[in-house]
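Since every read-out is calculated from the coordinates, none of them should be taken as a lab result. The model shown is predicted, which means the values in this text are computed figures rather than measured ones. Note that we place each Cβ from the backbone using ideal geometry, even for glycine, and neighbour counts take in every protein chain shown.
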Amino acid sequence: MLYAVMTQDVDNSLPLRKTCRTEHLARLEHLKSEGRLVMAGPFPAIDSNDPGEAGFTGSLIVAEFNSLEAAQVWADADPYVAAGVIASAVVKPFKKVLP
């Protein structure tokens, strides 16, 4: 089943994001290589594809997991959590309708 991982960053998270972005992306690439990643990306802090130093306010990841518990365990193990980037995270079942 698909699950949505929606995170909210701490204020001014960009410096923290930069410290572990490589590890964060590697986990997403692993999901992608297994054919389980539907989409992933951050929420820019301003209305721009490249927010520069304004940074990001959180992220959305939609991926396939065996259970809600497995999705939560995966989300909790994100390097952004360990680095203090993420203030809160919500993991919910997701039903893709379109496209």
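Can you tell which of Asn12, Ala82, Ser67 lies farthest toward the positive end of the dipole of the chain, using +1 and -1 charges on the Cβ of basic and acidic side chains (Lys, Arg; Asp, Glu)?
Ser67
I'd like the Karplus ³J(HN,Hα) series for segment 61-68: coefficients 6.51, -1.76, 1.60, θ = phi - 60°, whole numbers in Hz, and an x wherever there's a Gly or Pro.
10, 10, 8, 8, 9, 6, 6, 4
Which aspartates and glutamates does Lys96 reach when only Cα atoms under 17 Å apart count, and residues fewer than 8 places away in its own chain are ignored?
Here the aspartates and glutamates satisfying the reach criterion relative to Lys96 are Glu64.
So what is the calculated 222 nm ellipticity per residue for the chain, using -39500 (n - 2.57) for each DSSP H run with n of 4 or more, over all residues, to the nearest 500 deg cm²/dmol?
Only helices count here, giving -10000 deg cm²/dmol.
Of all the Cα-Cα pairs you can form in segment 1-74, what percent are over 22 Å apart?
26
Could you give the size of the charge dipole of the chain about its Cα centre, using +1 on the Cβ of each K and R and -1 on the Cβ of each D and E, expressed in debye and rounded to the nearest 20?
Once rounded to the nearest 20, the dipole reads 280 debye.
Local charge sum around Val85 (other residues, Cβ-Cβ under 14 Å, Lys/Arg +1, Asp/Glu -1)?
Summing Lys and Arg as +1 and Asp and Glu as -1 gives -1.
Please report the net charge: other residues with Cβ closer than 14 Å to the Cβ of Lys96, K and R +1, D and E -1.
Charge balance in the 14 Å sphere: +2.
Local charge sum around Ala63 (other residues, Cβ-Cβ under 15 Å, Lys/Arg +1, Asp/Glu -1)?
Charge balance in the 15 Å sphere: 0.
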